[in-house]
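Structure first, commentary second.
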Ligand SMILES: Cc1ncc(C[n+]2csc(CCOP(=O)(O)OP(=O)(O)O)c2C)c(N)n1
């Protein structure tokens, strides 16, 4: 035991705390930060600007450079770091306000602990920019989230200071506990593992599993709960639970904050006693009057076996530093929960004032906080989905929408404005979202469970066990299905076709354009005989002109139908025939493939020169361009393009007919190996279409690798899923020369959540 009773007595002696006065936690307003640093780092109004030089930050390349700084210099460092961050992100875009909120915490942690020997694990890691700046990567910020640049999240292979990779939430406590147990078993000299987790991330079930286990095993670690009142993105969406943060724990910790003064070092020192075994606590209590009368126990964290410290003002370095030092120097093995209150966007008024706190931003003007807007584009697929769901919900009172803390990203904020009582935000709890939807479906509601493809990975067993085995009509809406651009590998939605395709009972569909998206929303609403999956990528609609010229739609009044129409389950459609003929006019929305549509494919050409592209999803437009280009490049090539629409059930008639008519089938999808192409190939093999050796098959999928941050376009280039890649494939397969087109790479303008 490191703290003797006498040391404790010294710690608790009047005047032992040379630092900040006690302030009441509830007094701290989000818009009026009241810490000592705030006096000089919060500009009063626009135009906003930072310091002209950053001498202290310039002297700190790595955390060891900070160790010589005194408190005044540490505060100056925080000030300079904040402005360095503002300036850097204004030029590249990125996650912004979460980093602003943890500037002081980052400075304090790196000052007190010794990375990389000590481990700091940032949950989600969207708040890691200041950490990166203090650990040798400040000069790399011009490359943030760009091809070949530094990641916007922590990444073990990027730096030895990134203890654990992240991007998805709620993992930090488990990882810290694992590290702590390992350090202890391997007798490592130091055992300091710190998990920094937000009040949003702590809503994820994994965090509770980890706390439960850490308390039970009594694992030495510090969990810093960064409580900023922001749980969902954005917080404040109208839902059945109102507009408050979607978390009862958040309400609970807010109560802790308003009902107690902020704890300062002196209060903390009194309660340090509770870190000790009970017999020592007794001795300490007897010798120290300050220890008597202390309220011990009571918080939910204490009931879980943690030593709770807080709430602490997370922008107050004077208090945080000595508290962290004491926690570092204690050799108690009890896990600690340090509850800090911060303001998301702290120190930059435009961020503090914005409804989303400027969570994720494009480039912006520092003086005003106004973001540089990209070119006016068509509506996003997300908003088209949300409006289609409003149409479905207007027709059918049973339709409800669910989001797991992503109302903005999934369009549930739009739906919530129209149907607040039918909108459910469950917090960052994808597993719960899926089973919650299953329960609703049992009772006859029609739940649309709207989760990014990448985050649905969290709910996998729930999809199998709670939804599919019971054949419950839960509609799983997977936005961002495909490559997502600058967020990189943790956020790509590449795997859903593979991980869902193997589950019996699922109907899986993917629209090729915005009208199909509307139609499929209506299809999901109408289909009540089992679970459905609707997956679509990050992107925007094509707009009328392109839908007409490229796809061959013929719209009445020249407008895209305002409302979708259900389509026939498991039926694809031919879009293009050889010679560039657009075939859509032959279809009604509910009428899928028919053999009578196929005949003209041959144009008298050899079968080995007849190519069918069978696409699932929005790469269809690239397939159509490729078909036109391939035929233009060689008159002896005939290309048919079909839109599969469904991966499950497959349109077997359509595939069989394409195989009969053509010598080459190319499947195209924005998904990993194991998805649509594999299902088609499997069918062809079992159907005997490959037995005669006169059918070549090429699946075009995302390569079996992780795509680092880049623009979405660059990722399609790297993946080989743009039109020229498809055309090259066609030419190669008919053994003709390959021509390459120059590729224009558009500039990055926006970021994801
Ligand atoms: C499993 C998972 N679901 C959803 C998200 C999307 N997401 C990123 S940050 C965030 C909010 C996190 O809130 P909090 O932890 O409090 O950090 P803050 O943004 O407030 O700093 C969400 C929902 C995610 N990263 N991981």
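Could you please let me know if residue 224 is in a strand (DSSP E or B) and either under 25 Å from the mean Cα position of the chain (by Cα) or within 13 Å of the ligand (Cβ to nearest atom) (or both)?
Numbers: in a strand (DSSP E or B): yes; either under 25 Å from the mean Cα position of the chain (by Cα) or within 13 Å of the ligand (Cβ to nearest atom) (or both): yes.
Yes, satisfied.
Working carefully through the options 293, 236, find the one that is modelled with pLDDT under 55 and not assigned by TED's automatic domain parsing to the domain that holds residue 413.
Details: 236 fails: modelled with pLDDT under 55.
That would be 293, the only listed residue that is modelled with pLDDT under 55 and not assigned by TED's automatic domain parsing to the domain that holds residue 413.
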Residues to consider are 689, 710, 685; find the one that is more than 21 Å from the chain's Cα centre (by Cα) and crowded, with 18+ Cβ neighbours inside 10 Å.
689
I'd like to know if region 126-136 contains one or more residues that are farther than 24 Å from residue 328 by Cα, out of contact with any helix residue (DSSP H, G or I) (no Cβ under 7 Å at 6 or more places or on another chain), more than 16 Å from the ligand (Cβ to nearest atom) and modelled with pLDDT of 95 or more.
no
Quick check on my filter: what residues within region 355-372 are free of Cβ contacts under 8 Å to residues at least 40 places away in the same chain and within 13 Å of the ligand (Cβ to nearest atom)?
none
Sort out which residues of region 187-201 are modelled with pLDDT of 95 or more and more than 9 Å from residue 220 (Cα to Cα), and write them in order of number.
194, 195, 196, 197, 198, 199, 200, 201
Could you please tell me which pairs satisfy a Cβ distance under 9 Å, a separation of 6+ or placement on different chains, a first residue in region 90-110 that is in contact (Cβ under 8 Å) with a residue 40 or more places away in the chain, and a second residue that is near the ligand (Cβ under 10 Å from one of its atoms) and assigned to a helix (DSSP H, G or I)?
none
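To keep it simple, each residue is scored yes or no on (1) touching a strand residue (DSSP E or B) at 6+ places or on another chain (Cβ under 9 Å); (2) outside the structural domain of residue 165 (by TED's automatic domain parsing); (3) free of Cβ contacts under 8 Å to residues at least 24 places away in the same chain.
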position: 646; (1), (2), (3): yes, yes, no
position: 652; (1), (2), (3): no, yes, no
position: 659; (1), (2), (3): yes, yes, no
position: 673; (1), (2), (3): yes, yes, no
position: 681; (1), (2), (3): yes, yes, yes
position: 708; (1), (2), (3): no, yes, no
position: 711; (1), (2), (3): no, yes, no
Which numbered condition in (1) within 16 Å of the ligand (Cβ to nearest atom); (2) assigned to a helix (DSSP H, G or I); (3) touching a strand residue (DSSP E or B) at 6+ places or on another chain (Cβ under 8 Å) is the only one that residue 405 fails?
(2)
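Of all residues being part of a loop (DSSP other than H, G, I, E, B) and closer than 16 Å to residue 158 by Cβ in region 102-123, which is farthest from the ligand (Cβ to nearest atom)? Just the residue, please.
Applying the first criterion (part of a loop (DSSP other than H, G, I, E, B)) to region 102-123 yields 102, 113-118, 123.
With closer than 16 Å to residue 158 by Cβ added as a condition, the list becomes 115-116.
On the way: 115: 21, 116: 24 Å.
Here the residue is 116.
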With criteria (1) modelled with pLDDT of 95 or more; (2) assigned to a loop (DSSP other than H, G, I, E, B); (3) surrounded by 23 or more Cβ atoms within 10 Å (Cβ to Cβ), residue 593 comes up short on (1)
Name the residue that is surrounded by the fewest Cβ atoms within 10 Å (Cβ to Cβ), counting only residues in region 62-101 that are in contact with a strand residue (DSSP E or B) (Cβ under 6 Å, 6 or more places away or on another chain) and outside any helix (DSSP H, G or I).
93
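Report yes if some residue within region 183-193 is more than 28 Å from residue 419 (Cα to Cα) and within 16 Å of the ligand (Cβ to nearest atom); otherwise report no. If you could, list the steps in order and put the result at the bottom.
If we filter region 183-193 for residues that are more than 28 Å from residue 419 (Cα to Cα), which is where we start, we get 183-193.
Right, trim to within 16 Å of the ligand (Cβ to nearest atom) and you get none.
Within region 183-193, not a single residue is more than 28 Å from residue 419 (Cα to Cα) and within 16 Å of the ligand (Cβ to nearest atom).
Quick grid of which residues meet (1) within 16 Å of the ligand (Cβ to nearest atom); (2) surrounded by 24 or more Cβ atoms within 10 Å (Cβ to Cβ); (3) in a helix (DSSP H, G or I):
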{"site": "427", "(1), (2), (3)": "yes, yes, no"}
{"site": "432", "(1), (2), (3)": "yes, no, yes"}
{"site": "439", "(1), (2), (3)": "no, no, yes"}
{"site": "448", "(1), (2), (3)": "no, yes, no"}
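The values are calculated or read from the model by the stated rules, or taken from the named source; none is laboratory data. Quick caveat: nothing in here was measured; it's all calculated off a predicted structure. No Cβ is skipped: glycine too gets one built from the backbone with ideal geometry, and neighbour counts run over all protein chains shown.
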